[in-house]
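The values are calculated or read from the model by the stated rules, or taken from the named source; none is laboratory data. On a predicted model such as this, the values are computed, not experimentally measured, just so you know. Glycine gets a Cβ as well: all are built from the backbone with ideal geometry, and neighbour counts include every protein chain shown. Surface areas here come from the heavy atoms of the whole protein model, side chains and all, with no ligands, DNA or RNA. Shrake-Rupley method; radii C 1.70, N 1.55, O 1.52, S 1.80 Å.
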Amino acid sequence: MNPNDQLRFAVNDRINNDAVSPSHVSLALLGEFHKDVNEFLKGASRDVDPTKVLVSIEEGSLAFVATGLLAATTLWADLDHLKSADSLNLIDPKRASVVERWQAIAQKNPHRRYLVADQTAQISFSVDSASNFRRFEDAWVHVEKYLYGNVVNMGGKTKANIHLELENGATLPPIASTQDLLAKGEQNRLYRPGLLHVTAEENLFTGELRNLHLLAFEDHQPSYDVDEFNLMVERGTKAWADVPDSTAWLETLRGSQA
């Protein structure tokens, strides 16, 4: 998907048997549609600042054309997801709420139709009385995982837990533990990198983790070990000692000629 800078939001309907247009629209519909477009653009992540978006009103139903959207990465990703009806779990929750609201209105009014499209119409979706956008049921499975990150908080007087910040900067939900388990060992683990062996429930669709429980702190030495590397080189050298031309041997193994 190659996002561009512009989106067109249009609403079709009939009022007193005449099609809705910029010169023929109720104040209620105008205000409602403006609010929906504003909410859809901002989303919960607010990666669009409405004060920096320019909007023009076009003929052909009632249409708002918003420009200045090039940097709105989650907006364009959500529009890509909306190519599928089973997508509302995957997009920004505020945008999902707008789509659900449009769908509920259109199902009661066969004249109502919403259309969102980019300049080329290659990125687009529509909502009308026949639409079936929906949320699929969450699927959670029990897993065991090894999580690496920085321990930013741990302990608790009544409920012992650990707060782990992953390498990408994300902070997981608190990882439940016991006071005995946290007290084991002489190493101070707070504000230091750690590898945690945990059980959890993982969402198959989003990868989200919940109900985390610590099984153990694992030994983890990510630093480069010179002695271990030299030992592996020595073992490899001995293993290849009887092969006069290792390159030719590999090419033969692959079915090629050296």
Cα centre as origin, Lys/Arg/Asp/Glu Cβ charges: segment 163-214 dipole, Debye
160
If you place +1 on the Cβ of every Lys and Arg, -1 on the Cβ of every Asp and Glu, and leave all else neutral, what size is the dipole of the chain about its Cα centre, to the nearest 20 Debye?
1000
Check each of the GluC sites (Glu not before Pro) in segment 157-202 and keep only those in coil by DSSP with at most 12 other C-beta atoms within 10 angstrom; list them in order.
Glu167, Glu186
Kindly express, to the nearest 10 degrees and within the range 0 to 90, the angle between helix 27-42's C-alpha long axis and the longest C-alpha principal axis of the chain.
20
Segment 153-172 and segment 173-198 have their Cα centres apart by a whole-number Å value of 9
Given the Cα-Cα distance of Gln187 and Lys238 and 0.36 nm per residue of separation, how much length would full extension add, in nm?
14.4 nm
Would you please classify the overall shape of segment 69-119 from the alpha carbon gyration tensor, given that a ≥ b ≥ c denote the square roots of the eigenvalues, rounded means a/c under 1.5, and beyond that prolate means a/b larger than b/c while oblate covers the rest?
prolate
Find the accessible area per residue for the chain; the probe is 1.4 Å, ligands and nucleic acids are left out, and the unit is Å².
63
Describe numerically, in nm with one decimal, the distance between label points set 7 Å from Cα along Cα→Cβ at Ala77 and at Ser26.
3.8
With everything on Cα atoms, drop me the angle between helix 93-108 and the longest principal axis of the chain, reported from 0 to 90° to the nearest 10.
40
In segment 1-73, carbon and sulfur make up what percent of the accessible area (probe 1.4 Å)?
52
